[in-house]
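K.L.:
Take this structure first; my questions come after.
Each reported figure results from applying straightforward, stated rules to the coordinates on display, with no laboratory input. Worth saying up front: this structure is predicted, and the values here are computed from it rather than measured. Counting neighbours? That spans all protein chains shown, and the Cβs are built from the backbone with ideal geometry, glycine included.
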Amino acid sequence: MSVTIDGKLFDFKPGATVLEVAREHGVKIPSLCYHPKIGPAGRCRICVVEVEGQKGLETACTLAARDGMVVSTDTPKVLEVRRMVVNLLLSNGEHNCLSCEQNGQCELQDAAYQLGIEAPAFVVDGPPAEVDKSSEMIVIDRRKCIMCGRCIDACNKVVVNEVLGMGERGHESRVVCDTDRPMADSTCVQCGECSQLCPVGAIIDKKAIGKGRVSNLTKVNTTCPYCGVGCQLTLHVDKDANRIVKVTGREVLPNNGMLCVKGRYGYEFPSSPKRLTQPMIMKNGKHEPVSWDEALDYTAGRIKEIVAKNGSDVFSAFGSGRITNENNYAIAKFTRAVIKNNNVDHCART
Amino acid sequence: MTNSIPELKDAELIFVIGSNMTEGHPVVSYYVKQAVKKGATLIVNDPRKTDLTRWATHHVQIKLGSDIAYINGLMNEIFKNGWADETFLKEHTENPDDIRKWVESYPVEKASEICGIPVAKMKEIARLLGTAKSAAVCYTLGITEHICGTDNVKTLANLQMILGNLGKRSAGLNPLRGQNNVQGACDMGALPNVFHCYQAVNDPKVIEKMEKAWGVTGLSDKPGYKMPTMLQKALDGGTKILYCIADNTVQTEPNMAHTIKEIKALELFIVCDIFPNLTTPYAHVIFPVYAWGEEEGTFTNTERRVQRVRRALSPPEGCRPSWWVLQELGKRLGVDLGFSSSVAIYEDMRKTATSYAGITYERIEEEGLQWPCPTLEHPGTAFLHKNGNFSRGKGLFSKTDWVPPAELPDAEYPLALSTGRRLWHYHTATQTRNSVGLENLFPEELLEIHPQDALKLGIKSGDLVKAKSRRGEIVLKAWVTERSAPGLCWTSFHFEEACANVVTNDVFDPVTETAEYKACSIRVEKVKDAVTPMIDLHRQARP
């Protein structure tokens, strides 16, 4: 089965939407409410397309691809509607990009850029929107909220923590925690999936505010250092300051982008001033800083001495469930090949 | 895990036992809750009303340490109603008649008396399990951290075998491992009886292979000591040197006072770590090493997925990689271990590996691979024992009988205490308490106590209380909450100021030497009234 998009023929699997087929083949259709993890939403209407033989426009995220369908994504009519949608969204909030954390990775900004919108075309007076800074890790800036509902789906369908919902009606509608409690007093567990999926700067990671523009940060992919799930992360690193500024989940197995409060927000410990930074030897009941050579010579000498006197069985070693495979292999090989016993274990049993 | 984490979202029935996954393994719980949203049945078996029970079809609040009686009772009922998978039993298990006979002595009525679950509810749970096409069992330390931990696991394996729930997608027996690389530490042979990839140290062929690959002679074929034995031997001079990497032993072993006595008896205690902790004061030598974020390498997760860890930060000037310290010591002791970089060490391991042989840094650049992965072309293994074919051939049932926890509440210590992890912290909290904000979310340790017990003792949330066992006492604030069952208190080992392991019982499973962290007995006394009453907002995971 195939569908024609902007004059090009693409095969598709039954059940795919026009948006999915287009994205799969590199045809750009903006979408603010749709996200692959959440599925069709049909709320923001920015993904409208024109279908041959059909009156009116269709939202690509909810439109099932049909065999022989002919779709256009950039006709004057489509662009006019898109421009109107983006204009209305921009007019309805305070979308000031200057100091916005999302600047450079904002999907609304991208859409405005693609449509050539420099400033909102309308002035809309709505009820004042508040910023909820109460929680430890997440800021909800409702001035920038475009009511796309991604965060609500993220919270209820993806991580199923069931905290966020839409409160009030009409003009007054807004994203709320539980029964409209401040986030800090709600059942929110600060997993941050809402901030990861927010297309604009309305839900952001509090600790990253002002710590670095996306363009100045280096991305490093790694594995979370906490529980045994092994979530895949991207560290956003300020190389000059030698610090991690922010963590996001990678949309791959095993976690598909999802994280918990520790994985997403427990990243500063390597830079802590409390780190051990010098080898030390106990001398007269006190730890004294020594050079690496002195520490190593002393330790090797003592091992040699004690083993010579008592046999190798008196040596035991602990690897750890918190260090890398390479370090665990290293301690196991050291114990077996240097000390020549098998007294190596780790905290798996305790 | 026999299966993979994301498979859980498609499970028909999920049976969670001894796992507080919304706090211990939050991302696993997301998949479980997604399954519930799609209509799956979720049975949470736990003495505590964990947050996951909010999403459960049934919360089965079994008594602490009654798991074997409960599961054997369920199996009895499953056989009685003809719900066992007879085809699987016949084709894929060795001794199906044994298990049928063994569980006869656990009629639900008797099991019900032990585990405290009404007979009708037990029958309903058995029916749900017995009539589901497939079911996934997830367990964590609530199963293993008992003196009967090995038998607890065997009982769950028996259950999944009689139901034919092994070797297929979205089913299986799934231990959720607690630490980021505890699976990898086992796989790499940081165990006293096996080299990496579980190659036995007492197999002459394996010894020969390793001696050749490593260029050494005289490798020992005598299995070594397990961790608790190593420590116990310090007291009679059997252990004189202990080399300890990233293990805050004092805070993590049960009965802290005793652990300190053992460590103090050592002649040479070497500690490699990233922070000062409760253990470092006793070290004769401290080596400051690289932290996560500062070195290259791999971790292996609970579903056997080998994944890359990368350097993002420059380490502090005085620190070195843990492997570099071992290389330098080896050199001084006359052996060049050949450790020059993480990738060189990994390749050295891979040369003699079996299930890791097909996994290279290059192959896992973007996404991890699950072992077994024996060749470079192998795609990795999402779930084990496919089509009921076990590594040993046919599945073997083991006889298990219920035993109570080693220490039961009595007149002097009338409350049971169980321990575990909280969402906001990890292990001994050296990482989480040195990260911004987590401590504000959960600033100090709390003793969870059921309202009935609190009322009897005149304790309110926020009061300072003393929890005293035969081994020691801690002073901390009380959290009066129905998360605990009547007669049961709970706390964690994250905070050194009030660490559960001061009071926990140093009794061990005879096979694995895993301690009974999950059950001991305490007395609770009020020390001081709360200055400002603590408000319980019924949030998840904190008051």
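K.L.:
Take every Cα pair under 8 Å in the range A:229-350 that's 6+ residues apart, average their separations, divide by the length, and report that relative contact order as a whole percent. Intermediate values should be presented prior to the final figure.
P.N.:
Numbers: 131 pairs, mean separation 16.4, N = 122.
RCO, the range A:229-350: 13 percent.
K.L.:
Something else about it: How far, in nm, would the chain grow between residue A:308 and residue A:123 when pulled straight, counting 0.36 nm per residue and subtracting the alpha carbon separation?
P.N.:
Numbers: separation 185, 0.36 × 185 = 66.60 nm, distance 8.58 nm.
Taking residue A:308 through residue A:123 to full extension adds about 58.0 nm, to one decimal.
K.L.:
Right, something else. Among A:166, B:210, B:188, which comes first, second and so on when ranked by fewest other beta-carbon atoms within 10 Å? Could you put the intermediate results ahead of the total?
P.N.:
Numbers: A:166 12, B:210 20, B:188 34.
Fewest-to-most ranking of A:166, B:210, B:188: A:166, B:210, B:188.
K.L.:
Let me ask you something else. What's the extension gain from residue B:317 to residue B:331 if we count 0.36 nm per residue and subtract their Cα-Cα distance? Write out the running numbers ahead of the final one.
P.N.:
Details: separation 14, 0.36 × 14 = 5.04 nm, distance 2.27 nm.
This chain segment gains 2.8 nm when fully extended.
K.L.:
With Cβ to Cβ distances under 9 Å as the rule, what net charge do the other residues near residue B:295 carry (K, R +1; D, E -1)? Can you show the working numbers first?
P.N.:
Numbers: positive: B:310, B:311; negative: A:326, B:294, B:296.
Result for the neighbourhood of residue B:295: -1.
K.L.:
Straight-line reach from residue A:309: which lysines fall under 28 Å, measuring Cα to Cα and dropping same-chain residues less than 8 apart?
P.N.:
A:283, A:286, A:333, A:340, B:222, B:226, B:233, B:240, B:261, B:264, B:331
K.L.:
Please report B:102, B:371, B:323 as a ranked list, fewest other C-beta atoms within 10 angstrom at the top and most at the bottom.
P.N.:
The most exposed by this proxy come first: B:102, B:371, B:323.
K.L.:
Based on the alpha carbons, how large is the Rg to Rh ratio for the range A:138-278 when Rh follows Kirkwood?
P.N.:
Values: Rg = 16.2 Å, Rh = 16.2 Å.
Ratio of gyration radius to Kirkwood radius: 1.00.
K.L.:
While we're looking at this one, here's another question. Between beta-carbons, use under 13 Å as the cut-off and find the net charge around residue B:230, counting Lys and Arg +1, Asp and Glu -1. Don't skip to the end; give the middle numbers.
P.N.:
Working: positive: A:349, B:226, B:233, B:240; negative: A:313, A:345, B:236, B:247, B:253, B:262, B:513.
Combined, the nearby Lys, Arg, Asp and Glu give -3.
K.L.:
Using the Cα centre of the range B:415-528 as the reference point, and only Cβ charges (+1 on K/R, -1 on D/E), how large is the resulting charge dipole? Debye, rounded to the nearest 20.
P.N.:
On the way: 15 positive and 15 negative charges, 75 e Å.
Dipole of the range B:415-528, to the nearest 20 debye: 360 debye.
K.L.:
Based solely on its DSSP helices, what 222 nm [θ] is calculated for chain B when runs of n ≥ 4 H residues each add -39,500 (n - 2.57) and the sum is averaged over all residues, nearest 500 deg cm²/dmol? Kindly include the intermediate steps, with their values, before the conclusion.
P.N.:
On the way: 18 runs with 153 residues, N = 543.
Computed ellipticity for chain B at 222 nm equals -8000 deg cm²/dmol.
K.L.:
Shifting gears a bit: Give me the lysines in straight-line cross-link reach of residue A:55: C-alpha distance below 29 Å, same-chain residues under 8 apart excluded.
P.N.:
Answer for residue A:55, where 29 Å is the Cα cut-off: A:8, A:13, A:28, A:77, listed by chain and number.
K.L.:
Taking 7 Å along the Cα-to-C-beta vector as the label spot, tell me the residue B:366-residue A:157 distance in nanometres, rounded to one decimal.
P.N.:
Those two pseudo-labels are separated by 2.6 nm.
K.L.:
Per-residue HN-Hα couplings for the range B:456-463, Karplus 6.51 cos²θ - 1.76 cosθ + 1.60 at θ = phi - 60°, whole Hz, x for Gly and Pro?
P.N.:
Residue by residue, the range B:456-463 yields 4, 8, x, 10, 10, 4, x, 5 Hz.
K.L.:
Calculate, in nm to one decimal, what residue B:482 and residue B:351 gain on full extension: separation in residues at 0.36 nm each, minus their alpha carbon distance. Write out the running numbers ahead of the final one.
P.N.:
Details: separation 131, 0.36 × 131 = 47.16 nm, distance 5.35 nm.
The residue B:482-residue B:351 span can extend by a further 41.8 nm.
K.L.:
Okay, moving on. Which log10 I(q)/I(0) values, to two decimals, does the range A:53-178 give at q = 0.18 Å⁻¹ under the Debye formula with one point per Cα?
P.N.:
-1.18
K.L.:
With no solvent and one equal point scatterer placed on each C-alpha of the protein assembly as shown, evaluate the Debye formula and give log10 I(q)/I(0) for q = 0.07, 0.08, 0.09, 0.10 Å⁻¹, two decimals.
P.N.:
For the protein assembly as shown at q = 0.07, 0.08, 0.09, 0.10 Å⁻¹, log10 I(q)/I(0) is -0.60, -0.79, -0.99, -1.20.
K.L.:
Then there's this: Would you be so kind as to identify which of A:189, A:210, A:173 lies farthest towards the positive end of the dipole of the range A:154-216, taking Lys and Arg as +1 and Asp and Glu as -1 on Cβ and the Cα centre as origin?
P.N.:
Working it through, the farthest residue towards the positive pole turns out to be A:210.
K.L.:
Follow-up question, since we're still on this one. Please list 3J(HN,Hα) in residue order for the range B:34-42, calculated via the Karplus relation 6.51 cos²θ - 1.76 cosθ + 1.60 where θ = phi - 60°; whole Hz, with x for glycine and proline.
P.N.:
Going residue by residue, I get 4, 4, 4, 4, 8, x, 5, 8, 10 Hz, with x marking Gly and Pro.
K.L.:
Oh, and also: First measure r as the distance between the Cβ atoms of residue A:209 and residue A:293, then evaluate 1/(1 + (r/R0)^6) with R0 = 56 Å and state the FRET efficiency to the nearest 0.05. Write down the numbers at each step before the final one.
P.N.:
Values: r = 45 Å, r/R0 = 0.80.
Efficiency, from the Cβ-Cβ distance: 0.80.
K.L.:
Tell me which of A:279, A:258, A:225 sits at the most positive position along the dipole axis of the range A:152-284, charges placed on C-beta atoms (Lys, Arg +1; Asp, Glu -1).
P.N.:
The Cα lying farthest towards the positive end belongs to A:279.
K.L.:
Which order do B:477, A:340, A:246, B:528 fall in if you start with the one that has the fewest other Cβ atoms within 10 Å? Walk me through the numbers on the way to the answer.
P.N.:
Details: B:477 20, A:340 17, A:246 24, B:528 11.
Lowest to highest Cβ neighbour count: B:528, A:340, B:477, A:246.
K.L.:
Test of understanding: extend the Cα→C-beta vector of residue A:67 to 7 Å, then name every residue of the range A:1-23 with backbone N under 13 Å from that spot.
P.N.:
Correct set: A:1-3, A:12-15.
K.L.:
Now, a different point. How big is the dipole moment of the protein assembly as shown about its Cα centre under a simple scheme where the beta carbon of each Lys and Arg is +1, that of each Asp and Glu is -1, and everything else is neutral? Debye, nearest 20, please. Intermediate values should be presented prior to the final figure.
P.N.:
Values: 106 positive and 107 negative charges, 40 e Å.
Charge dipole of the protein assembly as shown: 200 debye, to the nearest 20.
K.L.:
Next question. Using only the alpha carbon atoms of the range B:415-528, find the Kirkwood hydrodynamic radius as the inverse mean reciprocal pair distance, in angstroms to one decimal.
P.N.:
Kirkwood hydrodynamic radius for the range B:415-528: 14.4 Å.
K.L.:
In terms of Cα to Cα distance under 16 Å, which lysines are near enough to residue A:239, apart from those fewer than 8 places away along the same chain?
P.N.:
Residue A:239 reaches A:211, A:219.
K.L.:
If I model a spin label as a point 7 Å beyond the Cα along the Cα-Cβ vector, how far apart are those points for residue B:390 and residue A:180 in nm?
P.N.:
Modelled inter-label distance: 5.9 nm.
K.L.:
While we're looking at this one, here's another question. Provide a whole-number value for the mean count of partner chain Cβ atoms within 10 Å of the Cβ atoms in peptide B:125-135.
P.N.:
Values: counts 0, 0, 0, 0, 0, 0, 0, 0, 0, 0, 0.
For peptide B:125-135, the averaged partner shielding equals 0.
K.L.:
Shifting gears a bit: Taking amide H positions as placed 1.01 Å from N in the peptide plane, with prolines and chain starts having none, which residues 5 or more places from residue A:175, or on another chain, fall under 5 Å of its amide H?
P.N.:
Residues meeting the amide H criterion: A:167.
K.L.:
Also, I was wondering about something else. Give me the net charge for the shell around residue B:470: Cβ to Cβ below 11 angstrom, other residues only, Lys and Arg +1, Asp and Glu -1.
P.N.:
Working: positive: B:468, B:471, B:523; negative: B:407, B:410, B:412, B:473, B:506.
Cβ neighbours under 11 Å give a net charge of -2.
K.L.:
Using a cut-off of under 15 Å, list every residue of the range B:169-208 whose amide N is near the label point 7 Å from the Cα of residue B:91 along the Cα-to-beta-carbon line.
P.N.:
Within reach of a label on residue B:91, which here means backbone N under 15 Å from a point 7 Å along Cα→Cβ, the range B:169-208 contributes B:169.
K.L.:
In debye, nearest 20, what is the charge dipole magnitude of the range B:427-493 about its Cα centre with +1 on Lys and Arg Cβ and -1 on Asp and Glu Cβ, if you could check?
P.N.:
Values: 9 positive and 8 negative charges, 53 e Å.
With only Lys, Arg, Asp and Glu charged at Cβ, the dipole is about 260 debye.
K.L.:
Let me ask another. Which whole-number percent gives the relative contact order of chain A, counting Cα pairs below 8 Å spaced six or more residues apart?
P.N.:
Working: 564 pairs, mean separation 34.8, N = 350.
Over chain A, the number comes to 10 percent.
K.L.:
How large is log10 of I(q)/I(0) for the range B:252-297 at q = 0.27, 0.28 Å⁻¹ when the intensity is taken from the Debye formula with one equal scatterer per alpha-carbon?
P.N.:
Taken in order of the listed q values, log10 I(q)/I(0) reads -1.01, -1.05.
K.L.:
DSSP beta bridges in the protein assembly as shown, what fraction antiparallel, as a percent rounded to 5? Don't skip to the answer; put the middle values down first.
P.N.:
Working: 65 of 109 bridges.
Counting only bridges with both partners in the protein assembly as shown, antiparallel ones make up about 60 percent.
K.L.:
Which whole number gives the average count of other chain Cβ atoms within 10 Å of the Cβ atoms across peptide B:229-242? Spell out each step's value before the answer.
P.N.:
Working: counts 3, 7, 3, 0, 4, 2, 0, 0, 2, 4, 6, 11, 13, 6.
What the average comes to for B:229-242 is 4.
K.L.:
Let me ask you something else. Restricting to DSSP loop positions (anything but H, G, I, E, B) with no more than 10 other Cβ atoms inside 10 Å of their own Cβ, which trypsin sites (Lys or Arg not before Pro) remain in the range B:76-157? Display every interim value, and only then the final one.
P.N.:
Numbers: sites: B:80, B:90, B:100, B:101, B:110, B:121, B:123, B:127, B:133, B:154; in loops: B:133.
In loop regions of the range B:76-157 (DSSP not H, G, I, E or B), there are no sparsely surrounded trypsin sites (Lys or Arg not before Pro).
K.L.:
Work from the charge dipole of chain A (Cβ charges, +1 for Lys and Arg, -1 for Asp and Glu, about the Cα centre) and give the residue of A:22, A:92, A:59 farthest towards its positive end.
P.N.:
Ranked along the dipole, the leading option is A:22.
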